[in-house]
Amino acid sequence: HVQLVESGGGLVQPGGSLRLSCVASGSIFSISSMGWYRQAPGKQRELVASITSGGSTNYADSVKGRFTISRDNAKNTVYLQMNSLKPEDTAVYYCKVRSTVPIDYWGQGTQVTVSP
């Protein structure tokens, strides 16, 4: 059994910052990539950022220069530092971990709301 626990979401004003964390635990033999997705009301889930085991990163165009993804392999943890937040960043943010098998595991989601 694999569990992903996300934290760090909340309400923030435009221009503010939040840091999301996602800890993977359980029977994950080896993690390949880790990433963050988000889903706003009425929209499809979209990739925000991902990072490979080697540290290569990929970002959605809408967050480049504002968000930074990082990971701690020893702790099976992925982070998303979000700066200069905009109202359009409001969404439920989901952590995804892909094992080397490969199998995808998803977190339960954490709400991020950007509003004055």
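Could you check the simple spin-label distance between GLN39 and THR113, using points 7 Å along Cα→Cβ, in nm with one decimal?
The two pseudo-label positions are separated by 1.9 nm.
I'd like to check one number: the per residue accessible area of the range 1-86, probe 1.4 Å, reported in Å² as a whole number.
In whole numbers, the range 1-86 has 54 Å² accessible per residue.
Rank THR57, THR100, THR90 by mean-square fluctuation in a GNM of the chain with C-alpha springs under 10 angstrom and give only the top-ranked residue.
Greatest mean-square fluctuation among the candidates belongs to THR100.
To the nearest Å, what is the center-to-center distance of the range 35-84 and the range 96-116, using C-alpha atoms only?
A separation of 9 Å, based on Cα centres.
How large is ³J(HN,Hα) for each residue in the range 7-22, as worked out from phi by the Karplus curve 6.51 cos²θ - 1.76 cosθ + 1.60 (θ = phi - 60°), to whole Hz, x for Gly and Pro?
Once θ is set to phi - 60°, the couplings for the range 7-22 become 7, x, x, x, 9, 9, 7, x, x, x, 10, 9, 10, 8, 10, 9 Hz.
Roughly how many percent of the accessible protein surface of the chain is carbon and sulfur, given a 1.4 Å probe and a whole-percent answer?
48
Multiply the residue separation of TRP106 and LYS64 by 0.36 nm, subtract the distance between their alpha-carbon atoms, and state the gained length in nm to one decimal.
Length gained between TRP106 and LYS64: 12.8 nm.
In the Gaussian network model of the chain, springs joining C-alpha atoms below 10 Å, which of TYR79, TYR94, TYR59 carries the largest mean-square fluctuation?
TYR59
For the chain, treating each Cα as an identical point scatterer without solvent, what Debye log10 I(q)/I(0) comes out at q = 0.13, 0.15, 0.23 1/Å?
-0.45, -0.60, -1.33
The values are calculated or read from the model by the stated rules, or taken from the named source; none is laboratory data. Owing to the predicted nature of the structure, the values given are computational and were not obtained by experimental measurement. Quick reminder, even Gly has a Cβ in these numbers, built from the backbone with ideal geometry, and neighbours come from all protein chains shown. The accessibility values were calculated without ligands, DNA or RNA, using every heavy atom of the protein model including side chains. Shrake-Rupley method; radii C 1.70, N 1.55, O 1.52, S 1.80 Å.
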